[in-house]
Each structure stands twice: as structure tokens, then as C-alpha cells.
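S.K.: Following this message is one structure expressed as C-alpha cells.
Read-outs: derived from the displayed coordinates by stated rules, not from any lab. Remember, predicted model here, so these are calculated numbers, not experimental data. FYI the Cβ positions are ideal-geometry reconstructions off the backbone, even for glycines, and counts take in every protein chain you see.
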Amino acid sequence: MSLSNRDIADVFQAIADSMEILGEDRFRILAYRRASEAIADLPMPLADYRARNALEEIPGIGKTIADKIGVLLDSGSLPLYERLNAQAPPGVRDMLQAPNLGPRNVKRLYTELGIASLDDLRAAIAEGKLRGLKGFGAKSEERIRQGLDLLAQREKRIVMPHALSIVETLMEGLRAAAPGLEQLSYTGSLRRARPTVGDLDLLAAATDTGAVIRAFTGLPQVARIVSAGEAKATVILHSGMQADLMVLPPARWGSALQHFTGSKEHNIRFRELALARGLSFSEQGFKRQDGTLIECAAEAEVYATLDLPWIPPELREDKSEFDAARSKSLPRLVTLADLQADLHMHSTWSDGRASIAEMAAAAQANGLCYIAITDHSAYLGVTGGVTPERLERQAAEVAQVNADFAARGFDFRVLHGVEVDITPDGDLALPDEALAKLDLVIASLHVSLRQPREQVTARLLRAIANPHVDIIAHPTGRILGRRDGADLDMEAVIQAAIAHGVLLEINSGPDRLDLDAMHVRRALELGATIVINSDAHHPDNLTWLRYGVLTARRGWASADQIANSWPAEDLLTKVRQKSQ
DNA sequence: GCCGTTTTCGGCCCGACTGTTTTCAGTCG
């Protein structure tokens, strides 16, 4: 069993952690961290890169680390890793996770007191052993104890859609409670639309900063105030999430927003570019060599100072966005307003909660021009799925709904589709004759996701090759925080989808967001076409499209690459080409 | 250890906060 990208990324992260504790060269440590993050975000297995002799083309990976990847792939272990494990073992590295405790002190606790795990640390604090150490007082010990408490109760990461809903309610409350607020935004990984986030970061601009802080800590959502000063506060919400608010003068809004949005990697690269021009950048603004400051009240001014166009937050991961910005080739990212259709919706014909007419009306109210009703095929546990016979009857209802729209003078259209299961053998759960009569066929994996890579990939490839299949829904089947997706050869899936004119879906369900952004980007690079669907089972679910759009944007998608931003006739032309 | 619109050698982001300090080291975002 060869190591996954995740496994290898974890090895390099562990190497960096151990080196940090041992006090090795910080730039060497940074190199291992950068390599680890680059690997974690790759769209293809490392073995594929090596096979194409392309490991060193990955930014952040040079000859040394490429060789180490080779050793890991071949042998499953690495001498450097084993050696570091002996000097700073996993239990010691775990202590780095504790807030307020960093590498220097972890090393001292380990070497001077023999503390080698978080449990050891808790015990040592209970016995008051830490304050005996030179440079440690009772306050240091207490801070570390508090850090351990925080670590224990720290909620695990929540999905981005959930975080957005919490943060927007919070912002609404703050706007009402804090007059004099000139600017307010969420920042951090949430603004970059990462699929999961660990805490909530808010940034505000106001002249009276203290008044905004007091309004914030007084919000009804706040369960506990961790700290609150004149410009910064940290609270724990009743939901268990930590929320940080920073308030600053309006003149520095732009530089602060850029700084707190990150990512850290993007910021480091940005500051390197600034240095090359003799400017030092921080959240305060640009500092010239003579010490004078250039303030930026708007974020676009920050980038403009380095002659760069504004870079959308979703792209700020130091994944070639600066090259694209410099060469004026940043994509014009798709927006929610670009979408004309939702091509994956359920009704009471299967497990949906509303009729076809209700779903259509909701879509129209949301500004869409056409939809596809795609109920589940009758298969396994799905209640009331469609059979060939029921599809015939459903077609009549779809025709009636369309006739009603036309009679009322609306230019709105319902396409008749299906979401057909791919069986464990790779068959489709409905016969070709039934599929041939439909406007649109979605095929998806719901069962046997744990099959070996070759087998589950082959299933999907067979479905893609079926002339009636138009869309592959939620390709990996992942559920965020609950289960990983199928172990697919995504490169093969993308290539097949392109060859057969099949669209790949970004499923907007809050805990799916599948395809994920890195696969979207890879698919688009190779020339695939994407669709963003809600998979709505209720009219309210149509708002989910927003999350799919954010995921597409993280994948560098422009509107022309998203099939449901096209007019209905263009989409149907593409789909019919496929069936011939 | 990586990397190049000054560089194949010599760089590599920045400031705020905290504690235990008489000038700084560690941690964080």
C-alpha cells in the first residue's frame, strides 16, 4: 500500500515540527512546510508527477525534497524522518498544538523536565513543576494551562457554509449595535472560501474603536469573553466557535483587510515582492526605506502599489496567482449572478420535499431561467425513486408545469432529467431506453465508495462512456467532516469526461462541495466543462448555489467554463452532441 | 531547502502582545 499525498504531506509537516523544536535553520523548516502544503493541495497523486518526471515543477519542491518523495513512495519511510522522530518524538510534537506554547519552550520542557506528551504536560502543571524553570513564572504556567483547556474544548472545524451563516448573523448584530462603524468584513480562510474553517475572523473600521469592541462583546451570541482591549477582542460563541474582532482607523482599512485575509503564504510572497521594490509591507501599510508610511484605505490600492490588479480572495493561496496577476491573466471569476440554471434538483417524485411546480417557482424567484428536475432512480434505499414507468408519468407533469409557465407568459423552462445510480458493478440503475427519452441524465456514485481505486474509477469511466450520461454529480462522494471521497484516479475521470463531452459537477451541498477547488482547477486546465448545482431537496436549498460558486472561484473558474451559466439552448446543444 | 524582471549565491514577511524582563525572547496571526 503506497503512501497518499496526505501521508507524505504529514511526514514533511512532522519533519518541520521536529526541526523547529530542535532549533534548526528556520528557512529550511519553512521549505519543508511549503513543500507539505504544496503536496496537500495537489490534484493528482505524487506517483503520477514522478512518473512524468514533474516533481520539481511543483512550486516549493526542489531536488532534495523530490528525492525524498521518491524514497517515501518506494520504501514507505524516510531516514531523516526516523532520525528526527528519535530526537523529537510525536508526543513532543503534539505539544506544539497547545496555544501559547511554541517550539522553544516545548524543547525546554522536554529536555529539562522530560515532558514528552500533552498528558505529561497536564500532570506537570498540576504539580506546579513549570514555574521552577528559569524564565517561567506563575503567569506563564497559567497561560499554558489555559491553552491546554482551549485545546481540549476547541470545536473541530466547521463547514464554510455554516461559518458564513454564523458570521453574517454576527455582522448584522454588530452593525445594529455599533453606530459609527465605517467598514465591516469577515476575513481569514472564510473570506478565501476554504471548505472548512476553524475560527471566525472579523475586521472593522471605526474612529471610536473601543465602542465597537464593547458592542461586539455585548452581542447575544457571545458566551464568553476570552480577551477584550481597545482594538481587539476574542470571544467564544454559544455555538462553540471562537470569534476574533479587530478594529482600526478607516485610513488603514485596505492594508489591514489584505493582511488579515491571508493566506499566510500569499502574504509572505506579497511582502517579498514589495521588498524587491524597496517597500516593507504590513497591516499598517507600505513603509518606504526612509521610514515614511503609505496608507491604503482600500484593498485594491494595496495591490496597485505593486502595479498588480486586485487579486480575488479565493485565489490568495500562493498558487501562481501572482504570476497571473503580473501577466494580466487573472481569470474573470464566475459569480452567482452568472448562473442561469440549476441542473440537479429533486422533487416529491423521490426524496425531495416539494413538488416540481414548487421547485420551479422557487428557482424562478431566485432569478434562474431554467432548471432540471433530476429525481433519484429507484435503487437500494432511496424512497420512491423513479422507474421507467414512473419517468413516463413524470414527463407529463413536467410538460404541464412548462405549459403553465408559458400560459402565464414566463420564459422559464423545466428540463426533465434523472439522477441515476451507478451500481457497484458499474451499470446504470435504469435502462438506456428510459434514459434516451430524457433531456438530461446525471449519473452518480452513492454506494460502494470504498472500492479499490481501480475498481471505483472503472465504474465512473463506464458511466461517463455511456452515450446518455451528461453530468457526473458530486464525483468523489465526500461528506466534509464525516467521510473521505472515493479513491478516484481523478486525472483519468477528467480526461474521460472531456473525451465524451460529459460535464463534471460542483455539488453545492454545504457538506459536499464536491468537486473541490483543486480538482476544479485541474479539470479546467485540461479543458473540461463544469456545472454548479444545488442538489436541492427543498426550495430553501437553492441558496446553496452560492457555496458552489465560491468553490468554483477557488478553482479559478470563469463563467464561460460553467455550463449552467449558458442559455438553455447552448446547454442542450452540448448535451445533444454528446448523445450522438 | 528553495529560488531568480537585481541574484546560480545569498537572500528568505511583519508587527503586536505578553511576561519577566532592565533590553528581549517567545508566541501569534
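S.K.: What is the distance, in nm, between label points placed 7 Å from the Cα along the Cα-to-Cβ direction at A:S282 and at A:H162?
M.R.: 3.7
S.K.: Given charges of +1 on the Cβ of Lys and Arg and -1 on the Cβ of Asp and Glu, with all other atoms neutral, how large is the dipole of the range A:265-326 about its Cα centre, in debye to the nearest 20? Could the numbers behind the result be given before it?
M.R.: Numbers: 8 positive and 13 negative charges, 48 e Å.
That gives a dipole near 240 debye.
S.K.: What is the distance in Å between the Cα centroid of the range A:395-409 and that of the range A:272-316?
M.R.: Their Cα centres are 56 Å away from one another.
S.K.: Report, to the nearest 10°, how far helix A:26-40 tilts away from the longest principal axis of the Cα atoms in chain A, using its own Cα long axis and a range of 0 to 90°.
M.R.: With both axes taken from Cα atoms, the answer is about 10 degrees.
S.K.: Gain in length, A:K574 to A:Q153, computed as 0.36 nm per residue apart minus the alpha-carbon separation, to one decimal in nm? Numbers along the way, then the final one.
M.R.: Values: separation 421, 0.36 × 421 = 151.56 nm, distance 5.13 nm.
Between A:K574 and A:Q153, full extension yields an extra 146.4 nm.
S.K.: What translational diffusion coefficient, in µm²/s and rounded to a whole number, does the Stokes-Einstein relation yield for the range A:187-248 at 20 °C and a viscosity of 1.002 mPa s, taking the hydrodynamic radius as the Kirkwood radius over Cα pairs? Intermediate results must be reported in sequence, preceding the final value.
M.R.: Details: Rh = 11.9 Å.
The calculation lands on 180 µm²/s.
S.K.: If you line up the long axis of helix A:490-499 against the longest principal axis of chain A, both from Cα atoms, how many degrees apart are they, to the nearest 10?
M.R.: 30
S.K.: Taking the Cβ-Cβ separation of A:K232 and A:D484 as r and a Förster radius of 35 Å, what is the calculated FRET efficiency to the nearest 0.05?
M.R.: 0.40
S.K.: Roughly what would the spin-label model give for A:K63 and A:T543, points 7 Å off Cα along C-beta, in nm?
M.R.: 5.6
S.K.: Which one of A:A38, A:P424, A:V447 has its Cα pushed farthest toward the positive end of the charge dipole of chain A, where Lys and Arg give +1 and Asp and Glu give -1 at the Cβ?
M.R.: A:A38
S.K.: How tilted is helix A:453-465 with respect to the longest principal axis of chain A? Cα atoms for both, answer in degrees (0 to 90, nearest 10).
M.R.: Around 40 degrees separate the two axes.
S.K.: Hey, quick one: spin label on A:T207, modelled 7 Å out along Cα-Cβ, who in the range A:155-198 has an amide N within reach, i.e. under 18 Å?
M.R.: A:178-184
S.K.: Along each principal axis of its Cα atoms, how long is chain A end to end? Whole angstroms, biggest number first, please.
M.R.: Per principal axis, max minus min of the Cα coordinates gives 81, 62, 50 Å.
S.K.: Right, another one. Looking only at Cα atoms, what is the convex hull volume of the range A:336-579 per residue, in Å³?
M.R.: Working: hull volume 26.2 nm³, N = 244.
Taking the convex hull of the Cα positions in the range A:336-579, it is 107 Å³ per residue.
S.K.: Continuing with this model, one more query. How many angstrom separate the Cα center of the range A:70-114 from the Cα center of the range A:15-35?
M.R.: With the range A:70-114 and the range A:15-35 each reduced to a Cα centre, they are spaced 10 Å.
S.K.: Right, next: Could you compute how fast the range A:265-326 diffuses translationally, taking Rh as the Kirkwood radius over C-alpha pairs and applying Stokes-Einstein at 20 °C with viscosity 1.002 mPa s? Give it in µm² per second. Provide the component values of the computation, followed by the final result.
M.R.: Values: Rh = 11.9 Å.
This corresponds to a translational diffusion coefficient of 180 µm²/s.
S.K.: Taking the Cα centre of chain A as origin and charging only Cβ (+1 Lys, Arg; -1 Asp, Glu), how large is the dipole, in debye to the nearest 20?
M.R.: Working: 65 positive and 77 negative charges, 381 e Å.
Rounded to the nearest 20 debye, it is 1840 debye.
S.K.: Which value in deg cm²/dmol, rounded to the nearest 500, describes the helix-derived mean residue ellipticity at 222 nm for chain A, given -39,500 (n - 2.57) per DSSP H run of n ≥ 4 and division by the residue count? Kindly include the intermediate steps, with their values, before the conclusion.
M.R.: Working: 24 runs with 258 residues, N = 580.
Taking each H run of at least 4 residues, the total per residue is -13500 deg cm²/dmol.
S.K.: Using the Cα centre as the reference, give the magnitude of the dipole from point charges on the C-beta atoms of the range A:336-579 (Lys, Arg: +1; Asp, Glu: -1; all else neutral), rounded to the nearest 20 debye. Can you show the working numbers first?
M.R.: On the way: 22 positive and 33 negative charges, 85 e Å.
Using Cβ point charges on Lys, Arg, Asp and Glu, the range A:336-579 gives about 400 debye.
S.K.: Extending each Cα 7 Å along its Cβ direction at A:L30 and A:E82, get the distance between those two points in nm, one decimal.
M.R.: 3.2
S.K.: Given the options A:P103, A:L130, A:N5, identify the residue whose Cα lies farthest towards the positive end of the charge dipole of the range A:5-153 (+1 on Cβ of Lys, Arg; -1 on Cβ of Asp, Glu).
M.R.: Positive-most Cα among the choices belongs to A:L130.
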